[in-house]
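Note sheet for the following structure.
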Amino acid sequence: MKFCKIFFIYILIAYPITAKASEASKWLKTEIDKIIIAYQSENLPNENRFLMIEQTINNNFAGTGIAKFVAGKSWNNASKETKTEYIKLFKRHLALNIASMMQGYSNQNYDLVNSRFDEKNKVTLIDMDIFSETGKIQVTWRVKKSKERFFVIDLLVADISLVVTKRSEFNSMLKVVNYDLAELNAKLSKQNQSSYQKIIN
């Protein structure tokens with residue numbers, strides 16, 4: 001009888017957590033499939049394909065929050081106009097990075113193999129295995145719900161965080177320009193244009 005009570009209490013606690021993780025997994029699969037379908041549409045021009053992918057990423061990644069985190073201390077000293085321009089440039093940079101990364105996996109199979117809800121941080125972690133002829137790679141998506149919808153807040157490839165990697169990369173770039181966000185914007189704009197040409201050509 002005591003065991004039954006304990007088991008019932010466990011179900012009451014665990015079920016909402018499992019349901020949250022399952023809901024996030026279904027959402028993520030839908031969004032990943034949009035990107036893969038865009039890559040698999042052979043008649044779609046590269047420019048249109050990227051714009052579809054960019055829209056999906058902008059709609060589903062917490063781009064503004066990631067951009068602020070990556071900017072570090074340079075964010076506080078920047079003007080409103082500079083911040084607005086930086087966020088726009090960073091979101092495109094993020095889309096170009098992910099589009100480039102997904103290119104190599106667009107024709108591969110994948111499975112969402114595990115999902116768990118981190119109650120402390122209110123974040124769902126979803127493991128995805130991507131299969132190829134040579135093996136598999138695991139990607140972990142960190143998904144958070146805000147205002148009744150989901151957002152990707154980080155992406156871990158082989159346990160390496162995209163957000164932490166970007167923070168380190170941008171800190172090196174900012175150091176060169178003495179943490180001047182306006183100067184970074186100029187460099188980022190040129191970098192984005194170069195990456196964009198590689199994607200669409």
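Brief remarks on what is shown
- Residues of the range 55-91 that are crowded, with 20+ Cβ neighbours inside 10 Å and under 15 Å from residue 195 (Cβ atoms): 57, 90.
- Restricting the range 32-54 to residues that are of a type in the set (D, E, K, R) and crowded, with 18+ Cβ neighbours inside 10 Å leaves a set whose member that is modelled with the highest pLDDT is 54.
- Residue within the range 157-168 that is of a type in the set (Lys, Arg) and in contact (Cβ under 8 Å) with a residue 12 or more places away in the chain present: yes
For (1) touching a helix residue (DSSP H, G or I) at 6+ places or on another chain (Cβ under 6 Å); (2) among the acidic types (Asp, Glu); (3) modelled with pLDDT under 95, each residue gets a yes or a no:
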site	(1), (2), (3)
155	yes, no, yes
160	no, no, yes
182	yes, no, no
190	no, no, no
199	yes, no, yes
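- Condition met for residue 181 (over 21 Å from the mean Cα position of the chain (by Cα) and buried (at least 16 other Cβ atoms within 10 Å of the Cβ)): yes
- When residues of the range 79-122 are limited to those that are modelled with pLDDT under 95 and β-branched (Val, Ile, Thr), the one farthest from residue 27 (Cα to Cα): 98
- Residues that are exposed (fewer than 13 other Cβ atoms within 10 Å of the Cβ) and of a type in the set (A, V, I, L, M) do occur in the range 143-158.
- For the range 129-141, taking the residues that are over 13 Å from the mean Cα position of the chain (by Cα) and hydrophobic (A, V, I, L, M, F, W, C), the one that is surrounded by the fewest Cβ atoms within 10 Å (Cβ to Cβ) is identified as 131.
- Qualifying positions in the range 144-153 - without any contact (Cβ under 8 Å) to a residue 60 or more places away in the chain and either over 14 Å from residue 23 (Cα atoms) or in a loop (DSSP other than H, G, I, E, B) (or both): 147, 148
- Residues located in the range 159-178, provided they are part of a loop (DSSP other than H, G, I, E, B), exposed (fewer than 15 other Cβ atoms within 10 Å of the Cβ) and more than 21 Å from the chain's Cα centre (by Cα): 178
The values are calculated or read from the model by the stated rules, or taken from the named source; none is laboratory data. In this text the structure is predicted, and so the values were computed from the model without any measurement. Quick reminder, even Gly has a Cβ in these numbers, built from the backbone with ideal geometry, and neighbours come from all protein chains shown.
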